[in-house]
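Q: Below: one structure in structure tokens.
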Amino acid sequence: MDEAGRRHYPEKPARVYLFGTCLIDLFCPEAGMDAVRLLEREGIEVHFPAAQTCCGQPAHSSGFPEQTRAVALAQLRLFPEAWPVIVPSGSCAGMMRHHYPRIFADDPRLLSEASALAERVFEFTEFLLHVARVRLTDRGAPARVALHTSCAARREMGTHVHARTLLGQLPRVEVAMHTHESECCGFGGTFSLKHPAISSAMAGDKVEALKQTGAQTFLSADCGCMLNLNHTLQKRGDPLQGQHLATFLWQRTGAEGEQR
Amino acid sequence: MNAPLQFVPASAFKQRAAAAVADAHLRSSFRNAMDFLIARRAAQFPDAPALERQRAFAEHIRKYSLARLPDLLEQLERKLTDNGVSVHWAETPEEANRIIIDIARRHSTRLMVKGKSMVSEEIELNHAMADAGMEALESDMGEYIVQLDGEKPSHIIMPAIHKTKQQIARLFAEKVPGAAYTDSVDELIGIGRAVLREKFMTAEIGLSGVNFAVAETGTLCLVENEGNGRMCTTVPDVHIAITGIEKVVEKLEHVPPLLALLTRSATGQAITTYFNMISGPRKPGEKDGPRELHLVLVDNGRTQAYGDEQLRSTLQCIRCGACMNHCPVYTRIGGHAYGSTYPGPIGAIVSPHMLGLAATHVLPTASSLCGACGEVCPVRIPIPDLLIRLRGEAQHAARPGEKPMLGQGAAQSRLIDIIWAGWAALYTRPALYRAFGWLATRFRALTPPMQSGWTASRTPLQPARRTLHEQMAARKRS
């Protein structure tokens, strides 16, 4: 980081690690697979450590520091080579990049490991844009989409800027702004279970705002927000559904040049 | 320890929150009011890097002041005493009320007029005064309105923000003697002012809050827009100022950077209409000002926050209310749902120290941790981190050798502990975790249709056909 808080980005690497996140693993694996396909198309080899589980954020935000630490520790040493660690979720990326060093602050050895890992953690759109330096070719029909950025992605990883810039490479994709765009969708992990009335009100307002744009779909770089909004829309019988950005980008740009 | 003045059971909070989100009228009025305040603030900070420099400066001033707090409080007391001000220390709300009531009794008080003071709300001074047979009348227009209706403030800066013009019109017609019904805002304010004008002249005591207390000069700074603060602090013969012990700064030069952020963050004003700097009572030969001036410094749990390196940042707060204005939860449920004097994000981090975690443990959970509060806080209090910390303290007993917080472990639950222990056991054992994923995907048709709070407004979550783990492993093999 420089004085203005801007991150210095490395050269495009030959190999990266993927940290798939627990939500993507179980609920939206296609998003993870599409992220892999996009990375491989750039000539990058993707390694997926089989021992990975979850970044620990659910316990962290619920106030269970011991369990957080145990689960975070189980991820800490899964990425031994100095390759970038790509996380297709702004919120999990923020956890590993900003919170891991604080979780291990009381142990100098673990702290140095956590800090070294944090330096290599990139949110997926950030990596595509600033490290892989992709040039996307738009192969889709004209489309109007909305973008919902998770709060952690926005405030900890700057994903709203990266995602918008990436979408800007697609000339036939129009990105519609929605009202209260920076506002939380009400997911908040266990918050959605603990305070369903408030969480539902927030999700309801967010889906209304997204619908008002007239967009065909909305995109998010976080599976948590996407599940929250998609299942809210389904319950309302609304046909609007969101997609993970990786899926949208792959579908729009991946018809040709796919390497398997 | 006496029972806390307020107790916020989780179930009562959830009931009030559910009622609030179902109230379309309340929803739209808070949404509109908060949008207005957000836009006003944003217009004051067009230059983001400049704002960050200002916030960093303000944070440093507050941290510097807190680091020297015991010394600064002593210096403040000495300086104020030299200036002819009586300084009183109150550890609890009861002590603070007793000090104020004693002063009031000495002056055979019938009426006290009050400028806006959240600390006086915190100690529930109006109740204590009423119990002692004396009237305490709010003179800030918003406070006057909520007092007239027997309510409490719903916002720390705009206490009557939950009320519509029509509601206030009906309230005035009903409760203010001789007032005819009008829903003209100017006329309504005129009615209130006419009542208050007379009260300023007859009150024996004026009470005010303090925004900044300057140690080196013994100056009490007071920010306000209506002039009622100046009336309360200059017209009655006795002025009592009340504030929390954290409000002290060392030097006069520390005030402008904080003031510039306070008014811009709170109401989007570059400066308020009035800025009072009070350094002592009326001196011989002077024609106005109070003959007697008191400062009551209230602890009420602040030293608990002070004693912890991380929680100390709670005391950086300058009470601008920006965290509430930007909070998506506060915007949905309004201030009354919280049930604590200080609502919203600041309330959730400060109330546990004042009232204990037994009474307040639900408040830190009422946040999606979106981070909007921390992003706008002019003194950069890491509010989300503090919310997480307090969630933890509420659910765990103090470790051996650690001093427990008031109400520490009050929300501890065997069931929740078992769930998280099981969660950690699963997510620290990769083979077990993959087996769990394999089973969950194979038996996805058996996913429960009712999933706690999730399915209240959403369709059930269902695992995918194959986990990412499985798909990546299959790919590696092929």
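Q: Pull out a ≥ b ≥ c, the square roots of the eigenvalues of the alpha-carbon gyration tensor of the stretch B:174-235, then state rounded if a/c is under 1.5, prolate if not and a/b is larger than b/c, and oblate in the remaining case.
A: prolate
Q: If the viscosity is 0.890 mPa s and the temperature 25 °C, what Stokes-Einstein diffusion coefficient in µm²/s follows for the stretch B:48-175 when Rh is the Kirkwood radius over Cα pairs?
A: In µm²/s, the coefficient is 138.
Q: A further question on this structure: Within 13 Å, Cβ to Cβ, of B:ALA132, how many net charges do the neighbouring residues add up to if Lys/Arg are +1 and Asp/Glu are -1?
A: -1
Q: With labels modelled as points extended 7 Å from the Cα through the Cβ direction, what inter-label distance (nm, one decimal) is found for B:ALA42 paired with B:GLU187?
A: 3.6 nm
Q: Any idea what log10 I(q)/I(0) is at q = 0.07, 0.11, 0.17 Å⁻¹ for chain A, Debye with uniform C-alpha scatterers and no solvent?
A: For the requested q values the scattering log ratios are -0.23, -0.58, -1.38.
Q: Under the Kirkwood approximation for Rh and a Cα-based Rg, what ratio Rg/Rh is obtained for the stretch A:143-253?
A: 0.95
Q: Please tell me which of these pairs span more than 25 angstrom C-alpha to C-alpha: B:LYS152/B:LYS287; B:LYS14/B:LYS175; B:LYS63/B:LYS251; A:LYS206/B:LYS152; A:LYS206/B:LYS165?
A: Violating the 25 Å limit, Cα to Cα: B:LYS152/B:LYS287; B:LYS14/B:LYS175; A:LYS206/B:LYS152; A:LYS206/B:LYS165.
Q: Something else: Over chain A, what is the mean sequence separation of C-alpha contacts under 8 Å (at least six apart), divided by residue count, expressed as relative contact order in percent?
A: 20 percent
Q: Another question, if that's okay. Quick one: if you stick a label point 7 Å off each Cα along the C-beta vector at B:ARG105 and B:TYR64, how many nm between them?
A: 4.4 nm
Q: What 222 nm value per residue comes from the helices of chain B, counting each DSSP H run with n ≥ 4 as -39,500 (n - 2.57) and dividing by all residues, nearest 500 deg cm²/dmol?
A: Mean residue ellipticity, 222 nm, calculated: -15000 deg cm²/dmol.
Q: Can you give me the P(r) profile for chain B? Cα pairs, bins 10 angstrom wide beginning at 0, each as a whole percent.
A: So the P(r) values, bin by bin, are 4, 17, 27, 25, 14, 6, 4, 2, 0, 0.
Q: How long is the protein assembly as shown along each principal axis, judged by its Cα atoms, biggest number first, in Å?
A: The principal-axis extents, from largest down, are 95, 58, 47 Å.
Q: At 222 nm, what value in deg cm²/dmol follows for chain A if DSSP H runs of at least 4 each add -39500 (n - 2.57) and the sum is divided by all its residues, to the nearest 500?
A: After summing the helix terms and dividing by the residues of chain A, the value is -12500 deg cm²/dmol.
Q: If you take the alpha carbon radius of gyration of the stretch A:15-131 and divide it by 2.2 N^0.38 Å, what ratio comes out, to two decimals?
A: Taking N as the residue count of the stretch A:15-131, the ratio is 1.01.
Q: Oh, and also: Beta carbons within 10 angstrom, averaged per residue: use that to sort the peptides A:120-126, B:21-27, B:258-264, highest first.
A: Ranked from most to least packed, the peptides come out as A:120-126, B:258-264, B:21-27.
Q: Below 8 Å between Cα atoms, with a sequence gap of 6+, how large is the relative contact order for chain B in percent?
A: 19 percent
Q: Indicate, rounded to the nearest 5 percent, the antiparallel portion of the DSSP beta bridges found entirely in the protein assembly as shown.
A: That works out to approximately 15 percent antiparallel.
Q: Using square roots of five times the C-alpha gyration tensor eigenvalues, list the equivalent-ellipsoid semi-axes of the stretch B:45-303 in whole Å, biggest first.
A: After diagonalising the Cα gyration tensor, the semi-axes are 30, 24, 17 Å.
Q: While we're here: Apply 1/(1 + (r/R0)^6) to the Cβ-Cβ distance of B:LEU252 and A:ALA116, taking R0 = 45 Å, and write down the FRET efficiency to the nearest 0.05.
A: Working from the Cβ atoms, E equals 0.45.
Q: To continue, here is another question. Which whole-angstrom value gives the distance between the alpha carbon centres of the stretch B:118-195 and the stretch B:367-421?
A: 35 Å
Q: Counting only chymotrypsin sites (Phe, Trp or Tyr not before Pro) that sit in a DSSP loop (anything but H, G, I, E, B) with at most 14 other Cβ atoms within 10 Å, what is the longest stretch of chain B containing none of them?
A: B:182-442
Q: Among the DSSP beta bridges whose two residues both lie in chain B, what percent are antiparallel, rounded to the nearest 5?
A: Approximately 25 percent, going by the DSSP bridge assignments.
Q: Another question about this same structure. Net charge near B:PHE200: determine it from the other residues with C-beta under 13 Å of the C-beta of B:PHE200, scoring Lys and Arg +1 and Asp and Glu -1.
A: Cβ neighbours under 13 Å give a net charge of -2.
Q: Per-residue Cβ counts within 10 Å, from other chains only, averaged over B:460-468: what number is that?
A: Across B:460-468, the average partner-chain Cβ count within 10 Å equals 6.
Q: Okay, next question. PRE reach from A:ASP106 (point 7 Å along Cα→Cβ): which of the stretch A:25-68 fall under 18 Å by backbone N?
A: So the set is A:59-68.
Q: For peptide A:19-30, how many partner chain Cβ atoms fall within 10 Å of a residue's Cβ, on average?
A: 6
Q: If you don't mind, another one. What is the diffusion coefficient of the stretch B:414-477 in µm²/s, taking the Kirkwood radius over Cα pairs and the Stokes-Einstein relation at 37 °C with a viscosity of 0.692 mPa s?
A: Here the translational diffusion coefficient equals 241 µm²/s.
FYI, it's all coordinate maths here, none of it is from the lab. Note that the structure is predicted; figures quoted are calculated from it, not measured. No Cβ is skipped: glycine too gets one built from the backbone with ideal geometry, and neighbour counts run over all protein chains shown.
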